[in-house]
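The values are calculated or read from the model by the stated rules, or taken from the named source; none is laboratory data. Note that the structure is predicted; figures quoted are calculated from it, not measured. Glycine also receives a Cβ, built like all others from the backbone with ideal geometry; neighbour counts cover every protein chain displayed.
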Amino acid sequence: MNFLIVDDMDNMRRSIRAMLKLIQFGKEHYEAANGADAWKILNKEGVSVDFIISDWQMPKMNGIELLGKVRASKKLRDTPFLIITAETNQTFIAEAAESDVDAYLTKPFVTATLEQKIVVLLKGLQKPAPLTALLKKARTLQEKGDIDGAISCAKQAVAINSRSSRPLRELGRLFLQKQDRKSSLACFQKAIQLNRMDVTSYHFLGQIYFSTGNIDEAIANYSMAVKLSPRNSERAFKFTALLMGKKRIGDAEKIFKILIKNNQKDMDLLEKVADACLEQQVYGLAAKTYQSVLRADSERTYLSKKIGIAMLKSDKAHDAIGVFEKAIEGSPEDIEMLLFLAQSYLDIKMPIRAEKWAAKVIRIDPKNTTANNILDQCL
């Protein structure tokens, strides 16, 4: 078998590789420092990976995000996936369940424990439990277009283990695909009764309630999904868009703050959150988040313009001017920034300075309508 070891710590990857060699597991041992690099390896031509061992907390793409991509791939989805984690808190448990992790190991661990986990997973592949076999059969039938057959298999899976939320949520998904919202709703409701940590069921309940116009219930269920799995940025962004559409700006800001709190080290995601805040008119939080990203990564100088825009939009023209004037030193012909400066000075009743910046735009672009309008107002 070929193993892929994913961890942002060099010494941890070496340690796992040494353990695998000691128990004589692995023909090849590929390594990656994060989920993004691991995903490239998994999709590289000529590379075959039979087993993935991945850390949970990593930059760029964490273990759960990698697992989600693996499960979404027809080629890779049945690859055994073992998560390594230093903690088993509520967030980890919810994220792991949502992505159908095969097993997890808590740091620190010894060689014998690693060996035991791998052996159990491999035995499960060779002889899957009846519940797992039925759900896989349901998936195969669904992909072939036999939704009724898939529903029949999922119902059998529910009967086999009536205390598990997993077969219920799979049945709920199938009913939803068949446009049977009533049956789907009942499945997801029962799933969260059995398992209050079932993030996926809360997510789908939110979708169903929204599609039927029950906005309060939709928001309540989306809120639970975000609370249980706060690092799922895609869900959070969709939810905030829903909230903004209903003019619930305060609630949207709370969701953005949860995302920010739980992703302090992921600068790319924080910038994306700030962009969403700016787009959805949560200007104060946008400016604050852009500033924290720029402090952490001073090479992202382009963020200065965004900080200034967010400040200007939040009626902080004086602060915006300071940011724009500093940023313009590195981009003296940035027409958009020059216009923002001109408008900012106009807003604080300083037409002479507004005229100065608008005139610079005219020198670059004589027919610029916005600059000419500002000059007219300065007269």
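At a glance:
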quantity: When residues of region 85-112 are limited to those that are of a type outside the set (S, T, Y) and in contact with a Phe, Trp or Tyr (Cβ under 7 Å, 6 or more places away or on another chain), the one modelled with the highest pLDDT; calculated: D102
quantity: Top-ranked residue of region 29-86 - restricted to ones that are of a type in the set (G, A, S) and in a strand (DSSP E or B), ranked as nearest to R14 (Cα to Cα); calculated: A32
quantity: Within region 291-322, considering residues that are of a type in the set (S, T, N, Q) and assigned to a helix (DSSP H, G or I), the one nearest to I260 (Cα to Cα); calculated: S292
quantity: Selected residue (only one of A310, A287, A371 is crowded, with 16+ Cβ neighbours inside 10 Å, out of contact with any Leu (no Cβ under 8 Å at 6 or more places or on another chain) and free of Cβ contacts under 8 Å to residues at least 40 places away in the same chain); calculated: A287
quantity: Members of region 252-284 that are free of Cβ contacts under 8 Å to residues at least 12 places away in the same chain and closer than 23 Å to N221 by Cβ; calculated: K254
quantity: Residue check for L270: part of a helix (DSSP H, G or I), touching a Leu at 6+ places or on another chain (Cβ under 9 Å) and at negative phi; calculated: yes
quantity: Residues of region 3-62 that turn out to be among the aromatic types (F, W, Y), within 24 Å of N263 (Cβ to Cβ) and touching a strand residue (DSSP E or B) at 6+ places or on another chain (Cβ under 6 Å), as a count; calculated: 1
quantity: Selection count where residues are hydrophobic (A, V, I, L, M, F, W, C) and over 17 Å from N368 (Cβ atoms), scope region 326-357; calculated: 4
quantity: Number of positions in region 199-211 that are of a type in the set (S, T, Y) and out of contact with any Lys or Arg (no Cβ under 7 Å at 6 or more places or on another chain); calculated: 3
quantity: Any hit, region 361-378, residues being farther than 19 Å from D315 by Cβ, part of a helix (DSSP H, G or I), among the small types (G, A, S) and over 43 Å from the mean Cα position of the chain (by Cα); calculated: no
quantity: Contacts under 8 angstrom Cβ, first residue in region 318-334 being loosely packed, with under 12 Cβ neighbours inside 10 Å and modelled with pLDDT of 90 or more, partner among the aromatic types (F, W, Y) and assigned to a loop (DSSP other than H, G, I, E, B), 6 or more apart; calculated: none
quantity: Residues being surrounded by 15 or more Cβ atoms within 10 Å (Cβ to Cβ) and either within 26 Å of T200 (Cα to Cα) or aromatic (F, W, Y) (or both) - total across region 104-116; calculated: 3
quantity: Meets criteria (within 24 Å of L312 (Cα to Cα) and in a helix (DSSP H, G or I)) for A220; calculated: no
quantity: When residues of region 225-237 are limited to those that are in a helix (DSSP H, G or I) and touching a helix residue (DSSP H, G or I) at 6+ places or on another chain (Cβ under 8 Å), the one farthest from R196 (Cα to Cα); calculated: F237
quantity: Residue match in region 173-187 (condition: farther than 30 Å from K60 by Cα, in a helix (DSSP H, G or I) and modelled with pLDDT under 90); calculated: no
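Matching residues to (1) within 30 Å of D275 (Cβ to Cβ); (2) not basic (K, R):
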| position | (1), (2) |
| --- | --- |
| K144 | no, no |
| A154 | no, yes |
| A157 | no, yes |
| K238 | yes, no |
